[in-house]
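To start, the structure itself, in C-alpha cells.
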Amino acid sequence: MERPGQQQMAEAIADAAKREEHLLVQAGTGTGKSLAYLVPSLLIDGPVVVSTATLALQSQLVDHDLPRLADAVEPLLKRRPTFAVLKGRHHYLCLARLEGTSVDEPEDALFDVGEAKPTRWLGEAGRLGKHIERLRDWAMETDTGDRDELDPGVDDSAWKLVSMPARECVGAARCPYGAECFAEASRARAREADIVVTNHSLLAVDMLSGRMIIPPHKLLVVDEAHELADRVSSASQAELTPELLERAARRCRPYVDDDVADRLMEAGDTLTVALADAPAGRITDGLPTTLGEALTLLDGGGRKAVEAIGDVKADDPDPVRKQQAKTMVSDLTKIAQRILSGSEHDVTWIERDDRGRRAVVVAPLSVAGTLNTHLFHERTVVATSATLALGGQFDTVARSLGLPVTIPSPALATGASPAEAAREAVLRAAANRDEADLAWSSLDVGSPFDYAKQGILYVAAHLPRPQTSGLSEPAANEMVELVQALGGRTLGLFSSRKAAERAAEVLRARAPGITILLQGEESLPILVRKFREDRNSCLLGVMSLWQGVDVPGDACQLVIIDRLPFPRPDEPLAAARSAAVDSSGGSGFAAVSVPIAAVRLAQGVGRLIRAGSDKGVVAVLDSRLETARGYGPYLRASLPPFWYTTKPDLVRGALRRLASS
C-alpha cells in the first residue's frame, strides 16, 4: 500500500542527513515511520543508531522490520546490511559474577530494598539456588548472554546476582573473564554494524558519560522522541535509602577498618530516623536537621572508605567484589554531596510508596541544557513520534530537547492564543541560558487514517468539573450509559487507581453480562489478551495503559478518559518546574502542566484508531476540554482530527450502530 506520508518522511530524513540539519518529524499512527527512517539510514555513508523508548518497538525493529528490509535491499546494495542490538551492561550475564555467586551470602539477594526479610532466608535461598543452577546451565549454551533470550526467565532478585551494572564493572582488562564477556561482545558487534538499535535509557547514560558507550555514528534516529527528556531525567536522578547505606557498609567492610564501616552504618541509622520524621514531598526550605546530619556522616565516611579501599588491581584476590564495594560507596557519597550542595538546578524530595519504602531523591530541574550539549553535536539527529506537535506547534518539544527556539515578544499579551501563551512562558523561563546555534527543521506528515470518518471525539461538556481524584457519580453514570450502548469493547483510561477501581465496581454492578478487566488483578499481558478475545469486555487501568496497549479491530471501539491527565500537585519535578516558570514571570501551568497533559492525552486518544478499518469513539468525561477557553483549544489541537461533538445522544446512537454492525 502506498503511503505518501512515509515517502515524504523518508525523503526529508535523507535530505536532513545530507545537509547535516536536525529534524523533528511527527508521524501519525499508520504512517509506517520505522521503514521511513530505516530505508534512508541504509543509504548513509556511516553507521546509524536508532533509539527506542519501549522494548516492544525495539523487538519489532530487530525481529521483523530490519530482517525484511535487509532481504529487500541486498540485491540493490550488492551486500546484506548488518544490524545489532545494544543494551545496558546489566542486561547481559556476567560470568565473573556467576562464578562468584553464592546464595548463602544474603546481602545482595535477600536484603535488597523492599525485598525478603531474614525470616525468609531459607526459602529464598532455595528458590534462588535453583535459578542460579539454571543460569549456570544456560551460560554454557547461550551465544549472547542477553537476558531477553532466556526462556523461561528468572526474576529480578536472581538476575541481580549474575549481572553487572556498568558502574561496578572492573573492565575487560582486569576481569578474569574479560575475553569471554557477553557485554563486551555486544559492543564489538555494534561497532561493526550498519544500524545499531538501542534504547533511550542507554542513550541517556551514553550522553551523561561523555558518549563512550554507543559506537561513533553520523545519524541518530530517536523514535518515540516524546519520551527522551523523561528518560534523561531518570538517568540523571539519584536516591538514597537506609538499606543502600547498610549494604554499602557490608560490602566495603572486608577492605576497610571497622570504624569506617561503622560510620556508614551510623549514617544509615540516622537516615532511617530522618526519613521517618520527614513528610513526603519536595524539600523547599533547606534540609531537615537530621537529614543533613545523615548526609554529612555519609559524605565523611564514604570519602574515608573510598580512600581505604584504594585502587582495584587485576591481581587482587577478588577484584570484582572490591570494585563493586568501591563503586557503590563512591556513588552514594557523590549523591550525598549533590544533595548537600543545594544546587538551584536540582530538585530534592522525600519519596514514600505504598509498601512503606522511603528514600530521599534528587533530580535535575531541567535536562534541556544536557540535551543541547550532548545530544546534537557531531551527528545529525532525527526525532520522531506521533506526538511532537503540541497545540499544532513543535516549539514546546523542541525546547524540551534542548533545541533553540526563537523567543517571541515579551509579555503574555491579552488575547494571545493558548499555544502562544504556553510557548512564551517556556521560552522566557530559559531565555537567560546560552544555547548553541543548532539548525533544525520540522515536518508533520500526518496519518493515512481518515480520522474524521473513522472516529468521534466526544467531550461530556454537561458534566460538572472534576473535583477529586476519584470518579464522580455523574461521570460514572455517563460511563455506564456509553458502555451499555456499545456492549463492551471499551478501554477505560483513568487518572488514578482509585478512579479505575470505582469504575470497575460501578460497571460490575450496573452492566451485567459485560466482563470487567481491571489492571492489577492479573498481569497486563493476560488482561490485554482477554480484552482482545472477548468482545463483551472492558479493560480499565491507569497510566501504563495510556500508551502501552495496541488493540486494532473491533475489540476496542470505545476509549473512555475520565479526566484531563495534568500532573498531580504532588509530582515533585513537575511542581518544581512549574514554580520555576512562575518565578520568572511566566505561567507554570501553561508552560509545564498543559504540555504534559497534551502528550498524555494524545497518547491515550491514540489507542482508538490503530488500523485503516478501525472505527469508534473517544469519550472524555472532563468538561474542561470543551469549556476551558485557555487550554482547551490547545489540547484539542494536539489530538488527531476526529469528528468532534459534545452531544451525548448522538454518541450513544453511534455506539449502538457499532454494536449492531
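The values are calculated or read from the model by the stated rules, or taken from the named source; none is laboratory data. Nothing here was measured: the structure is a model prediction, and the numbers come from that model. When we count neighbours, we look across all protein chains shown, and the Cβ atoms used for this are built from the backbone with ideal geometry, even at glycine. With ligands, DNA and RNA removed, areas are computed over all heavy atoms of the protein, side chains included. Shrake-Rupley method; radii C 1.70, N 1.55, O 1.52, S 1.80 Å.
Of all the numbered requirements in (1) free of Cβ contacts under 8 Å to residues at least 40 places away in the same chain; (2) in contact with a Lys or Arg (Cβ under 8 Å, 6 or more places away or on another chain), Leu491 misses one, and that requirement is (1).
Filtered by the rule that a residue be within 25 Å of the chain's Cα centre (by Cα), at pLDDT 85 or above and surrounded by 14 or more Cβ atoms within 10 Å (Cβ to Cβ), the range 143-160 gives Gly145, Asp146, Arg147, Leu150, Ala158, Trp159, Lys160.
Only one entry in Lys313, Lys326, Lys322 is touching a residue at least 24 places away in the same chain (Cβ under 8 Å), open to solvent by 20 Å² or more (accessible area, probe 1.4 Å) and in contact with a Cys (Cβ under 8 Å, 6 or more places away or on another chain), namely Lys326. Filtered by the rule that a residue be of a type in the set (Gly, Ala, Ser) and modelled with pLDDT of 85 or more, the range 79-108 gives Ala84, Gly88, Ala96. The set of residues from the range 264-289 being open to solvent by 80 Å² or more (accessible area, probe 1.4 Å) and in a helix (DSSP H, G or I) comprises Glu266, Asp269, Asp277, Thr289. Within the range 603-661, the residues that satisfy the criterion of being of a type in the set (Asp, Glu) and either within 19 Å of Pro464 (Cα to Cα) or under 26 Å from the mean Cα position of the chain (by Cα) (or both) are Asp622, Glu626, Asp649.
Restrict the check to the range 373-380 and report whether at least one residue is farther than 25 Å from Leu203 by Cβ and either open to solvent by less than 30 Å² (accessible area, probe 1.4 Å) or part of a strand (DSSP E or B) (or both). No: the range 373-380 contains no residue that is farther than 25 Å from Leu203 by Cβ and either open to solvent by less than 30 Å² (accessible area, probe 1.4 Å) or part of a strand (DSSP E or B) (or both).
Take the residues of the range 178-229 that are of a type in the set (Gly, Ala, Ser) and over 30 Å from Leu573 (Cα atoms): which is farthest from the chain's Cα centre (by Cα)?
Here is the first cut: in the range 178-229, the residues of a type in the set (Gly, Ala, Ser) are 178-179, 183, 185-186, 188, 190, 193, 201, 204, 209-210, 225, 229.
Now restrict to residues that are over 30 Å from Leu573 (Cα atoms): 178-179, 183, 185-186, 188, 190, 193.
Values: Gly178: 32, Ala179: 33, Ala183: 23, Ala185: 27, Ser186: 23, Ala188: 27, Ala190: 24, Ala193: 26 Å.
The selected residue is Ala179.
Taking every residue in the range 63-91 that is without any contact (Cβ under 8 Å) to a residue 60 or more places away in the chain and pairing it with any residue that is acidic (Asp, Glu) and part of a helix (DSSP H, G or I), at least 6 positions away or on another chain, the pairs with Cβ-Cβ distances below 6 Å are Arg80/Glu74.
Assuming Leu297 fulfils every condition listed in (1) in contact (Cβ under 8 Å) with a residue 24 or more places away in the chain; (2) over 20 Å from Arg358 (Cβ atoms); (3) of a type outside the set (Ser, Thr, Tyr) apart from one, which condition is it? Unmet condition: (2).
When Leu658, Leu650, Leu601, Leu625 are screened for being farther than 23 Å from Arg532 by Cβ, open to solvent by 20 Å² or more (accessible area, probe 1.4 Å) and among the aliphatic types (A, V, I, L, M), only Leu650 passes.
A quick yes/no check of all residues on (1) surrounded by 14 or more Cβ atoms within 10 Å (Cβ to Cβ); (2) out of contact with any Pro (no Cβ under 9 Å at 6 or more places or on another chain):
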| position | (1), (2) |
| --- | --- |
| Trp138 | yes, yes |
| Glu141 | no, yes |
| Tyr177 | yes, yes |
| Glu184 | yes, yes |
| Leu202 | yes, yes |
| Leu219 | yes, no |
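Looking at this structure, is Thr490 open to solvent by less than 10 Å² (accessible area, probe 1.4 Å) and polar (S, T, N, Q)?
Working: open to solvent by less than 10 Å² (accessible area, probe 1.4 Å): yes; polar (S, T, N, Q): yes.
Yes, satisfied.
All told, Ala611 meets the bar of being small (Gly, Ala, Ser), in a loop (DSSP other than H, G, I, E, B) and in contact with a Gly (Cβ under 8 Å, 6 or more places away or on another chain).
What residue, of Arg529, Arg535, Arg502, Arg563, is within 19 Å of Ala619 (Cα to Cα), open to solvent by 40 Å² or more (accessible area, probe 1.4 Å), charged (D, E, K, R) and not in a loop (DSSP other than H, G, I, E, B)?
The unique qualifying residue is Arg502.
Residues in the range 221-263 that are of a type in the set (Asp, Glu) and open to solvent by 10 Å² or more (accessible area, probe 1.4 Å): Glu224, Glu227, Asp230, Glu239, Glu243, Glu246, Asp257, Asp258, Asp259, Asp262.
For the criterion of being open to solvent by 10 Å² or more (accessible area, probe 1.4 Å), of a type outside the set (Lys, Arg) and within 19 Å of Val483 (Cβ to Cβ), Asp614 fails.
Applying the condition of being among the small types (Gly, Ala, Ser) and farther than 18 Å from Ala476 by Cβ to the range 527-551 and asking which residue is modelled with the highest pLDDT yields Ser537.
Take the residues of the range 505-526 that are part of a loop (DSSP other than H, G, I, E, B) and small (Gly, Ala, Ser): which is modelled with the highest pLDDT? The selected residue is Ala511.
Summed over the range 444-463, residues that are within 12 Å of Asp562 (Cα to Cα) and open to solvent by 10 Å² or more (accessible area, probe 1.4 Å) total 1.
For the range 337-371, the set of residues classified as in a helix (DSSP H, G or I) and buried (at least 20 other Cβ atoms within 10 Å of the Cβ) consists of Ile339, Ala368, Leu371, listed by residue number. Taking the listed residues Ala598, Ala602, Ala619, Ala555, the one that is of a type in the set (Gly, Ala, Ser), part of a strand (DSSP E or B) and either in contact (Cβ under 8 Å) with a residue 40 or more places away in the chain or over 30 Å from Leu365 (Cβ atoms) (or both) is Ala619, with no other qualifying. Out of curiosity, is Lys615 out of contact with any helix residue (DSSP H, G or I) (no Cβ under 8 Å at 6 or more places or on another chain) and either among the basic types (Lys, Arg) or at pLDDT below 95 (or both)? Considered against the rule, which asks whether it is out of contact with any helix residue (DSSP H, G or I) (no Cβ under 8 Å at 6 or more places or on another chain) and either among the basic types (Lys, Arg) or at pLDDT below 95 (or both), Lys615 comes out as no. Of all residues in the range 290-308, those that are more than 15 Å from Glu239 (Cα to Cα) and open to solvent by 10 Å² or more (accessible area, probe 1.4 Å) total 10.
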